[in-house]
Amino acid sequence: MKVLAMPGSLRRGSYNRKLLVAAAACAPAGMSVDVVPHEVLAAIPPFNQDVEALGDPAPVVRLRDAVRAADGLLISTPEYNQSIPGVLKNLIDWLSRPRPDEVLIGKPAAVMGATTGPWGTRLAQGMVRQVLGSTECLVMPPGVAVYVARVKQLFDQAGELTDEPTRERLGRLLAAFGEWIAQCTRS
(Lines give C-alpha, C1' and ligand atoms only; values in the text may rest on other atoms or scores of the structure.)
Protein backbone atom coordinates (compact mmCIF):
# COMPACT_ATOMS: atom_id res chain seq x y z
CA MET A 1 0.00 0.00 0.00
CA LYS A 2 1.53 3.28 -1.13
CA VAL A 3 0.66 6.55 0.62
CA LEU A 4 1.70 9.95 -0.69
CA ALA A 5 2.23 12.48 2.09
CA MET A 6 1.85 16.19 1.46
CA PRO A 7 2.62 18.98 3.94
CA GLY A 8 0.53 22.13 3.84
CA SER A 9 3.54 24.38 4.33
CA LEU A 10 6.43 25.38 2.09
CA ARG A 11 8.83 26.23 4.92
CA ARG A 12 11.91 23.99 4.65
CA GLY A 13 11.85 23.36 8.40
CA SER A 14 8.09 22.83 8.45
CA TYR A 15 6.88 20.91 11.48
CA ASN A 16 4.16 19.38 9.33
CA ARG A 17 6.81 18.00 6.98
CA LYS A 18 8.69 16.65 10.02
CA LEU A 19 5.46 15.13 11.32
CA LEU A 20 4.94 13.35 7.98
CA VAL A 21 8.51 12.02 8.08
CA ALA A 22 7.83 10.74 11.61
CA ALA A 23 4.57 9.20 10.39
CA ALA A 24 6.42 7.36 7.65
CA ALA A 25 8.54 5.71 10.33
CA CYS A 26 5.35 4.62 12.13
CA ALA A 27 3.68 3.07 9.09
CA PRO A 28 2.36 -0.45 9.60
CA ALA A 29 3.85 -3.39 7.74
CA GLY A 30 2.86 -3.35 4.09
CA MET A 31 2.48 0.44 3.90
CA SER A 32 5.03 2.89 2.54
CA VAL A 33 4.70 6.63 3.08
CA ASP A 34 6.51 8.93 0.65
CA VAL A 35 6.65 12.64 1.45
CA VAL A 36 6.41 14.95 -1.58
CA PRO A 37 9.79 16.68 -1.98
CA HIS A 38 9.93 20.33 -0.93
CA GLU A 39 11.23 21.33 -4.37
CA VAL A 40 8.13 19.96 -6.10
CA LEU A 41 5.68 21.78 -3.84
CA ALA A 42 7.67 25.03 -3.89
CA ALA A 43 7.71 25.07 -7.71
CA ILE A 44 3.94 24.85 -8.14
CA PRO A 45 2.58 28.25 -9.25
CA PRO A 46 -0.62 29.85 -8.02
CA PHE A 47 -3.56 28.31 -9.83
CA ASN A 48 -4.47 30.31 -12.92
CA GLN A 49 -6.69 29.05 -15.74
CA ASP A 50 -4.64 31.04 -18.25
CA VAL A 51 -1.56 29.03 -17.22
CA GLU A 52 -3.58 25.81 -17.23
CA ALA A 53 -4.82 26.53 -20.76
CA LEU A 54 -1.19 26.43 -21.95
CA GLY A 55 -0.71 23.01 -20.33
CA ASP A 56 0.00 21.99 -16.78
CA PRO A 57 3.39 23.19 -15.49
CA ALA A 58 5.91 20.34 -15.02
CA PRO A 59 5.73 20.40 -11.18
CA VAL A 60 1.93 20.09 -11.36
CA VAL A 61 2.24 17.14 -13.74
CA ARG A 62 4.76 15.50 -11.39
CA LEU A 63 2.48 15.96 -8.37
CA ARG A 64 -0.60 14.73 -10.26
CA ASP A 65 1.32 11.63 -11.40
CA ALA A 66 2.41 10.93 -7.82
CA VAL A 67 -1.16 11.28 -6.52
CA ARG A 68 -2.47 9.04 -9.31
CA ALA A 69 0.11 6.34 -8.46
CA ALA A 70 -0.65 6.42 -4.72
CA ASP A 71 -3.26 4.31 -2.97
CA GLY A 72 -3.96 7.15 -0.55
CA LEU A 73 -3.11 10.75 0.24
CA LEU A 74 -2.00 11.88 3.73
CA ILE A 75 -2.06 15.62 4.34
CA SER A 76 -0.53 17.38 7.33
CA THR A 77 -1.69 20.96 7.66
CA PRO A 78 -0.68 23.89 9.79
CA GLU A 79 -3.38 26.36 10.80
CA TYR A 80 -3.00 29.94 9.60
CA ASN A 81 -5.45 32.48 11.03
CA GLN A 82 -7.79 29.66 12.06
CA SER A 83 -7.97 28.40 8.48
CA ILE A 84 -6.40 26.32 5.71
CA PRO A 85 -3.05 27.60 4.41
CA GLY A 86 -3.25 29.20 0.96
CA VAL A 87 -0.41 26.96 -0.25
CA LEU A 88 -2.39 23.81 0.55
CA LYS A 89 -5.58 25.16 -1.01
CA ASN A 90 -3.59 25.98 -4.15
CA LEU A 91 -2.23 22.42 -4.34
CA ILE A 92 -5.72 20.98 -3.99
CA ASP A 93 -7.03 23.39 -6.65
CA TRP A 94 -4.39 22.19 -9.15
CA LEU A 95 -5.00 18.53 -8.28
CA SER A 96 -8.77 18.85 -8.64
CA ARG A 97 -8.61 19.99 -12.25
CA PRO A 98 -9.78 17.56 -14.93
CA ARG A 99 -6.51 17.66 -16.95
CA PRO A 100 -5.94 14.99 -18.16
CA ASP A 101 -8.11 13.28 -15.57
CA GLU A 102 -9.29 14.11 -12.08
CA VAL A 103 -6.80 12.45 -9.74
CA LEU A 104 -8.67 13.21 -6.50
CA ILE A 105 -12.01 11.59 -7.35
CA GLY A 106 -12.26 8.39 -5.34
CA LYS A 107 -8.79 8.84 -3.79
CA PRO A 108 -8.73 7.87 -0.08
CA ALA A 109 -7.33 10.71 2.02
CA ALA A 110 -6.49 11.35 5.67
CA VAL A 111 -5.75 14.66 7.37
CA MET A 112 -3.63 15.53 10.39
CA GLY A 113 -1.76 18.62 11.47
CA ALA A 114 0.61 20.43 13.78
CA THR A 115 1.02 23.96 15.02
CA THR A 116 3.33 25.81 17.36
CA GLY A 117 0.30 27.34 19.09
CA PRO A 118 -1.83 25.91 21.89
CA TRP A 119 -4.96 24.95 19.93
CA GLY A 120 -3.87 22.27 17.51
CA THR A 121 -5.21 22.40 13.97
CA ARG A 122 -8.86 21.42 14.38
CA LEU A 123 -10.27 24.31 12.35
CA ALA A 124 -7.81 23.93 9.47
CA GLN A 125 -8.27 20.16 9.38
CA GLY A 126 -12.05 20.57 9.20
CA MET A 127 -11.66 22.97 6.30
CA VAL A 128 -9.20 20.67 4.49
CA ARG A 129 -11.70 17.82 4.87
CA GLN A 130 -14.45 20.05 3.46
CA VAL A 131 -12.34 21.11 0.46
CA LEU A 132 -11.21 17.52 -0.21
CA GLY A 133 -14.82 16.33 0.09
CA SER A 134 -15.86 18.78 -2.63
CA THR A 135 -13.30 17.17 -4.96
CA GLU A 136 -14.91 13.76 -4.32
CA CYS A 137 -11.90 12.53 -2.40
CA LEU A 138 -12.86 9.77 0.04
CA VAL A 139 -11.83 11.56 3.24
CA MET A 140 -11.34 9.40 6.31
CA PRO A 141 -13.58 10.55 9.18
CA PRO A 142 -11.59 12.12 12.04
CA GLY A 143 -12.27 9.25 14.48
CA VAL A 144 -8.53 8.68 14.95
CA ALA A 145 -7.29 12.26 14.98
CA VAL A 146 -3.85 13.81 15.22
CA TYR A 147 -4.08 17.45 16.33
CA VAL A 148 -0.59 18.42 17.48
CA ALA A 149 -0.24 21.61 19.54
CA ARG A 150 3.00 23.22 20.75
CA VAL A 151 4.86 21.08 18.23
CA LYS A 152 8.25 22.80 18.78
CA GLN A 153 8.55 20.96 22.08
CA LEU A 154 8.11 17.53 20.45
CA PHE A 155 11.12 17.51 18.11
CA ASP A 156 14.82 17.55 18.95
CA GLN A 157 17.49 19.70 17.27
CA ALA A 158 17.96 17.06 14.54
CA GLY A 159 14.25 17.22 13.66
CA GLU A 160 13.42 13.83 15.19
CA LEU A 161 10.08 13.32 16.95
CA THR A 162 10.87 12.63 20.60
CA ASP A 163 7.32 12.53 21.98
CA GLU A 164 6.17 8.94 22.36
CA PRO A 165 2.42 9.70 22.75
CA THR A 166 2.50 11.57 19.43
CA ARG A 167 4.36 8.69 17.81
CA GLU A 168 1.68 6.30 19.10
CA ARG A 169 -1.11 8.53 17.72
CA LEU A 170 0.63 8.58 14.34
CA GLY A 171 0.81 4.78 14.38
CA ARG A 172 -2.90 4.51 15.18
CA LEU A 173 -3.79 7.03 12.48
CA LEU A 174 -1.80 5.16 9.83
CA ALA A 175 -3.27 1.80 10.86
CA ALA A 176 -6.78 3.27 10.60
CA PHE A 177 -5.87 4.88 7.27
CA GLY A 178 -4.69 1.52 5.94
CA GLU A 179 -8.09 0.07 6.88
CA TRP A 180 -9.83 3.05 5.27
CA ILE A 181 -7.90 2.59 2.02
CA ALA A 182 -8.78 -1.12 1.99
CA GLN A 183 -12.44 -0.32 2.67
CA CYS A 184 -12.55 2.30 -0.10
CA THR A 185 -10.89 -0.12 -2.51
CA ARG A 186 -13.50 -2.80 -1.79
CA SER A 187 -16.42 -0.40 -2.29
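Would you list, by chain and number, the aspartates and glutamates whose Cα falls below 12 Å from the Cα of residue 107, excluding same-chain residues fewer than 8 positions away?
Straight-line reach from residue 107, under 12 Å: 71, 136.
Using a 10 Å cut-off on Cβ atoms, rank the peptides 12-21, 175-184 from the highest mean neighbour count down. Spell out each step's value before the answer.
Numbers: 12-21: 19.7, 175-184: 18.0.
Output ranking for 12-21, 175-184: 12-21, 175-184.
Run the dipole for segment 1-65 about the Cα centre, Lys and Arg Cβ at +1, Asp and Glu Cβ at -1, nothing else charged, and hand back the magnitude in debye, nearest 20. Please list the in-between numbers first.
Values: 7 positive and 6 negative charges, 81 e Å.
With only Lys, Arg, Asp and Glu charged at Cβ, the dipole is about 380 debye.
Applying 1/(1 + (r/R0)^6) with R0 = 35 Å to the Cβ-Cβ distance of residue 153 and residue 179, what FRET efficiency is obtained, to the nearest 0.05?
Numbers: r = 31 Å, r/R0 = 0.88.
In this case the efficiency is close to 0.70.
Using amide H atoms built 1.01 Å from N in the peptide plane, name the residues 5+ places from residue 109, or on other chains, whose amide H lies under 5 Å from its own.
For residue 109, whose amide H was placed from the backbone, the distant partners under 5 Å are 73, 138, 139, 140.
State the percentage of accessible surface on segment 50-187 attributable to carbon and sulfur atoms; use a 1.4 Å probe and exclude ligands, DNA and RNA.
Numbers: 3430 of 6700 Å².
Result for segment 50-187: 51 percent of the exposed heavy-atom area is carbon or sulfur.
With unit charges on the beta carbon (Lys/Arg positive, Asp/Glu negative), name the residue among 31, 42, 140 whose Cα is farthest towards the positive pole of the charge dipole of the chain.
Positive-end residue among those listed: 140.
Using only alpha carbon pairs under 8 Å that are at least six residues apart, calculate the relative contact order of segment 1-149 and give it in whole percent. Please list the in-between numbers first.
Working: 260 pairs, mean separation 37.4, N = 149.
Once divided by the residue count of segment 1-149, the mean separation gives 25 percent.
Check the straight Cα-Cα distances from residue 18 and name the lysines below 16 Å, setting aside those fewer than 8 residues away within the same chain.
152
Could you work out the Kirkwood radius for the chain, taking every pair of different alpha carbons, averaging 1/r and inverting it, reported in Å? Walk me through the numbers before you get to the answer.
Values: mean 1/r = 0.0608 Å⁻¹.
Across the chain, the inverse of the average 1/r is 16.4 Å.
Taking the Cα-to-Cβ direction at residue 119 and at residue 32 and moving 7 Å from each Cα, how far apart do the two end points lie in nm?
Using points 7 Å along Cα→Cβ, the separation is 3.9 nm.
Run down the aspartates and glutamates and flag those whose C-alpha is under 14 Å from the C-alpha of residue 89, throwing out any fewer than 8 positions away in its chain.
Within the straight-line limit of under 14 Å, residue 89 reaches these aspartates and glutamates: 79.
At 1.4 Å probe radius, can you tell me the per residue accessible area of the chain in Å²?
Each residue of the chain exposes 47 Å² on average to a 1.4 Å probe.
The values are calculated or read from the model by the stated rules, or taken from the named source; none is laboratory data. Source: prediction; values computed, not measured. Ideal geometry is used to build each Cβ from the backbone, glycine not excepted, and the neighbour counts take in all protein chains shown. Just so you know, the surface numbers come from the protein's heavy atoms only, side chains and all, with ligands and any DNA or RNA stripped out. Shrake-Rupley method; radii C 1.70, N 1.55, O 1.52, S 1.80 Å.
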